[in-house]
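Working notes, structure below.
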Amino acid sequence: GYTTTLPQSAAAIGSLSILFTRSCSGSIILIMAKITPRNNDVLFGRGFAINAHPGNQILRSMVRAHKPLFLQKKKTEKRNMARKIVDDIHKLDGRFLIDDPDNNADERNRNDRDGISGKAWICVETEKAVGKVMHRLREKEVVGSKGVEGSSEDDAQTRIDQQLRHIYDLQLQKNAN
């Protein structure tokens, strides 16, 4: 049915801010939650700060590990594989976040040096997170700047991938206990 809402109110719990309003029937309706990103969160966006964020690095590592099998799967199995990666990020207490355009236009955020900490972030819907993972799984690998396999840049990336996989495995073990 038709619902009219009253003015918004806000509450804060640590770094989590919740905006809510009441319907005419008196029920509370959650509008959005603004969040401060943590290391295991995957951030939507572009640029060096987003790319270098630890959660995005973990996601890229997971994608690299799953990509060979992904390419062999049928379409429905591919989406299930992407859902599993999203679930794995969630098991690491990670979230998929996007900056809130309604709350990031003021002056204080223009002075944000890393492009992350001064912004308000909101969680995306699970299907949007699955879509991001599917996009990553479909992406073609970028060859090193010199285009030579086995270059020191490729070796360094392999070491980084192994370290991230080790961190990921340790966190999964911690969550299982």
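The values are calculated or read from the model by the stated rules, or taken from the named source; none is laboratory data. Computed from a predicted structure; not experimentally measured. Backbone-built Cβ (ideal geometry, glycine too); neighbour counts: all protein chains shown. Surface areas here come from the heavy atoms of the whole protein model, side chains and all, with no ligands, DNA or RNA. Shrake-Rupley method; radii C 1.70, N 1.55, O 1.52, S 1.80 Å.
Things worth noting here:
- Every pair of residues 6+ apart whose Cβ atoms lie under 6 Å, when the first sits in segment 70-98 and is within 12 Å of N175 (Cβ to Cβ) and in a helix (DSSP H, G or I) while the second is open to solvent by 50 Å² or more (accessible area, probe 1.4 Å) and not hydrophobic (A, V, I, L, M, F, W, C): K91/N175
- Checked against the criterion of being at pLDDT 85 or above, assigned to a loop (DSSP other than H, G, I, E, B), farther than 17 Å from Q57 by Cβ and out of contact with any His (no Cβ under 6 Å at 6 or more places or on another chain), segment 109-128 contains one or more residues that satisfy it.
- All positions within segment 129-158 that are modelled with pLDDT under 90, among the β-branched types (V, I, T) and surrounded by 11 or more Cβ atoms within 10 Å (Cβ to Cβ): V143, V148, T158
Per-residue answers, yes or no, for (1) farther than 21 Å from H90 by Cβ; (2) at pLDDT 90 or above; (3) open to solvent by less than 40 Å² (accessible area, probe 1.4 Å):
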{"position": "P7", "(1), (2), (3)": "yes, no, no"}
{"position": "I13", "(1), (2), (3)": "no, no, no"}
{"position": "C24", "(1), (2), (3)": "yes, no, no"}
{"position": "I29", "(1), (2), (3)": "yes, no, no"}
{"position": "N40", "(1), (2), (3)": "no, yes, yes"}
{"position": "F44", "(1), (2), (3)": "no, yes, yes"}
{"position": "P54", "(1), (2), (3)": "no, yes, no"}
{"position": "P68", "(1), (2), (3)": "yes, yes, no"}
